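The values are calculated or read from the model by the stated rules, or taken from the named source; none is laboratory data. Computed from a predicted model, the values in this text were never measured in an experiment. For neighbour counting, all protein chains shown are included, and Cβ atoms are generated from backbone atoms with ideal geometry for every residue, glycine included.
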Amino acid sequence: MLIYLFRNEATDNLALTIDVTGQNIPPITPSTDWLFVEAIDTVRFPATWDPSDFRCLLRRLRVDGFYLFGADVKDPKNLPADWARLQRQ
């Protein structure tokens, strides 16, 4: 399975998606511009990665089609219901 990493041009926000175009990633703000960074082949994870660490993430991608992280969301009501994000620690 290929997943695609995008970043918001104006922030450090990142998103993973199963859509190569990134069209399914919701905007964080009206001016959000998602830029493609790289494609990741989940079958060929680097040896230093443990695929079991990514099971939850891959499930979310299959359900929602995208996953936001590092997202600074001011008003989550503007995003689709049940959108996924990982809070900054």
query = Residues of the stretch 1-17 being crowded, with 21+ Cβ neighbours inside 10 Å and of a type in the set (D, E, K, R), which ones?
reply = none
key: Answer from Val37, Val20 - the residue that is surrounded by fewer than 16 Cβ atoms within 10 Å (Cβ to Cβ), in a loop (DSSP other than H, G, I, E, B), at pLDDT 80 or above and of a type in the set (A, V, I, L, M, F, W, C)   = Val20
remark   = Pairing a residue in the stretch 14-43 that is without any contact (Cβ under 8 Å) to a residue 24 or more places away in the chain with any residue that is surrounded by 14 or more Cβ atoms within 10 Å (Cβ to Cβ) and assigned to a strand (DSSP E or B), where Cβ atoms lie under 6 Å and the two sit 6 or more apart in sequence or on different chains, gives Val20/Tyr4; Gly22/Phe6; Gly22/Trp34
